[in-house]
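Heads up: the structure comes next, in structure tokens.
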Amino acid sequence: MKIEGTGIIKILITFKREQKLYTTGIKILSTDWAKLQRNVDENGLSSKLRDSKFIELYNQLYDENSSLKRAKAIIEKLGESFTFEDFKYLFSKPTISVEITKKDTNNIFIALENKSQTMLKNDRIGSADLYRTVAGSLSRFLFSLNNDERYELNLPILNKKSTDKAFLEFAQITPILLQKYEKWMLKFGKSAQKKNGIATPASSTTVGIYLRQLRTVYNDAIGQGIVNRDLYPFTQKGFVIPSGRNEKKALTKEEVKKIMTYEASPNNFEERSRDLWIFSYLSNGMNFSDICRLTWGDVNGNQVKFVRKKTANTKKSDLKKITITLFPESFAIIERWGNKDKNAAAYLFPFINETMNERAKKETIRQLIKITNKWVNRIAEKLGIEGDVNTYHARHSFATILLRSDAPIPFISQSLGHSNIATTEAYLGSFEDEQVQGYLKALI
């Protein structure tokens, strides 16, 4: 600390009892440093600390491009030939690549981390975080097993003082292990929010999501020749990933009209949240990530053409644009909340900007969704609409109201941006029984 209360974060390197410091160039208040340290553990930054300042600081210190990660990579690269002189040279030359490829490929945890890194390089922040979350969950499960259970699953026996990191070969991922992991998730899948808190059950939907990520990494390992295809556990006779039953997420047309005609207090979160929900509903159920990324250049008269970010992330060619029609209500919402800078490259709404990195954009959109859900739920409660109402209801309501209006499924599929009709049919599956009952009433 050179100035009282302010210091520079440095990396301490120890080699053969000699220590040297290397600056990261990051200045910080001592109070902020203490707060950050209290909210960081092996799982990352605490979900309680959502201040964008600390999120950005955490990313500067710990993400794949941080000084810390680079220092560790240099040390691994130098290996037994390490010298402080060589380290200093490489550390001072950020243009020199020192990326290290993990040698231990037959480890699901390294595979999950490598998959996460690949997602980060492609700016798929949500997917990157999910793979790391799955790794954390699987690690908690493995360390929850007693030695009798570990022996049954052909896992190494641990002593009480063991500090080993979680390790799991692909061949050890058997149907029995997956069944035990599923049961554990349904009891303890959600980690405690407090240090000495109690873990709570995860939903069957979450269990399915996590296991599909594991399956993806396992399939990659087969393709790379790491594990024999004959050992594949995700089969009908082995382990079948649970598919959570779709819950009703759609409002009736009458309920949507109530929200559209609700007189919100002007120029505050209530009005903005109502407007953005309506804009999503009228725009083919467009999700908020896509809404925030629309530019003025996407608008042409009363139409908007865009590519879903989800699709753009997974495809490199044949990117089909979705066309939405702007209603008078849509234009009114744009007028109230749109970006005053109408340059073609400027975002239609001023919630994110190009100075943000992808993680900052994602966090901003997440906060926008959180605020919108909070206020739309309050509006729904005032209107007597039962159950939760969130941004996802806007998308389902768009699709379901079209279906109940006898719109053909191919049209709904095209409007939602689905690549095939089968996806749309599965998407609408939870509403079909209700429609069938309506048709059957015509019999008597």
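The values are calculated or read from the model by the stated rules, or taken from the named source; none is laboratory data. Predicted model only: the values in this text are computed from it and were never measured. Cβ: placed from backbone, ideal geometry, glycine included. Neighbour counts: every protein chain shown.
Can THR391 be described as in contact with a helix residue (DSSP H, G or I) (Cβ under 7 Å, 6 or more places away or on another chain), touching a residue at least 24 places away in the same chain (Cβ under 8 Å) and hydroxyl-bearing (Ser, Thr, Tyr)?
yes
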#### Entry: Filter result for the condition that a residue is part of a loop (DSSP other than H, G, I, E, B) and at pLDDT 90 or above, over VAL389, VAL376
VAL389
### The listed residue being within 22 Å of LEU402 (Cβ to Cβ) and among the β-branched types (Val, Ile, Thr), out of ILE333, ILE365
ILE333
### Task
Just need a number here: residues in segment 288-305 that are surrounded by 20 or more Cβ atoms within 10 Å (Cβ to Cβ) and more than 17 Å from LYS340 (Cβ to Cβ).
5
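Of the residues LYS315, LYS362, LYS320, LYS342, which is at pLDDT below 95, within 26 Å of ARG50 (Cβ to Cβ) and not assigned by TED's automatic domain parsing to the domain that holds TYR58?
Of the residues listed, the single one that is at pLDDT below 95, within 26 Å of ARG50 (Cβ to Cβ) and not assigned by TED's automatic domain parsing to the domain that holds TYR58 is LYS362.
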### Message
Pull out all pairs, ordered by first then second residue, where Cβ-Cβ is under 9 Å, the residues are six or more apart or on different chains, the first lies in segment 45-57 and is without any contact (Cβ under 8 Å) to a residue 60 or more places away in the chain and under 18 Å from ARG132 (Cβ atoms), and the second is part of a loop (DSSP other than H, G, I, E, B) and not charged (D, E, K, R).
### Response
LEU45/ASN39; SER46/ASN39; SER46/GLN193; LEU49/ASN39
### Task
With respect to SER280, determine if the residue is in contact with a helix residue (DSSP H, G or I) (Cβ under 7 Å, 6 or more places away or on another chain) and at pLDDT below 95.
no
